[in-house]
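Data block below; observations after.
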Amino acid sequence: KIKQFTASFSFNITLMMLGISIGVVIAVYTIFMIMIRRRLNYMADRFRDVSEGEGDLQQRIAVKGNDGLDIIGRLFNKFMERLHAMVSEIMQSMQSLNDVASHVTDIASKSTSEVVQQQSRLEQVATAMNEMAANAEKVAQHASTAADKASDAEQSARQGQDTVKGTEKDIQLLADEI
């Protein structure tokens, strides 16, 4: 009976050890799965934040070891560093473009103002030229009229001179007869 008791006791201890071992394995497996899930959920949240545009580009995943999740974390961190650098560069370029656009807008505004002023001056010059042309035409008409009147006056003066000469001859003839 002692052998049977010892064998039974030994079998029970073996079963108990097996049960404890299985329990420990299950507990370790559960803890391990919880830890992995937590880390995966944390990483998934970071990826989701970035993919939805809600993420902080300066935020990084804490990496402590060298397992597969840590490698993914390092790769994510490198990606975020590059993405952050690219976005910063784009922002600087956009600021430079904004400054250039503002400068070009100022130049265009000044150019438009100068063109309007030049157009106004050209209109004034054109008006003055039209007035001068009209005045020159009037002067030419007056000069033509004056030339015609001078020609008429010269002709009248010649006729008057001829009349005076004729009268002078008549007076001389009368004087010679008297």
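The values are calculated or read from the model by the stated rules, or taken from the named source; none is laboratory data. Keep in mind that this is a model prediction, so the values were computed, not measured. FYI the Cβ positions are ideal-geometry reconstructions off the backbone, even for glycines, and counts take in every protein chain you see. Note: accessible area is taken over every heavy atom of the protein model, side chains too, but ligands, DNA and RNA are not part of it. Shrake-Rupley method; radii C 1.70, N 1.55, O 1.52, S 1.80 Å.
Among (1) touching a residue at least 12 places away in the same chain (Cβ under 8 Å); (2) over 29 Å from Asp70 (Cα atoms), where does Ile36 come up short?
Answer for Ile36: the failing condition is (2).
Does Lys149 fit the bill of being open to solvent by 60 Å² or more (accessible area, probe 1.4 Å) and within 30 Å of Phe32 (Cβ to Cβ)?
Taking the combined requirement at face value, the residue does not satisfy it.
Can you tell me which of Ile72, Ile107 is outside any loop (DSSP other than H, G, I, E, B), without any contact (Cβ under 8 Å) to a residue 24 or more places away in the chain and open to solvent by less than 90 Å² (accessible area, probe 1.4 Å)? It would help to see each step written out before you state the result.
Numbers: Ile72 fails: without any contact (Cβ under 8 Å) to a residue 24 or more places away in the chain.
From the options Ile72, Ile107, the qualifying one is Ile107.
Go through (1) open to solvent by 90 Å² or more (accessible area, probe 1.4 Å); (2) at pLDDT below 90 and name the single condition Leu83 misses.
(1)
So in region 23-62, with the set limited to residues that are touching a helix residue (DSSP H, G or I) at 6+ places or on another chain (Cβ under 9 Å) and among the polar types (S, T, N, Q), which one is surrounded by the fewest Cβ atoms within 10 Å (Cβ to Cβ)?
Gln58
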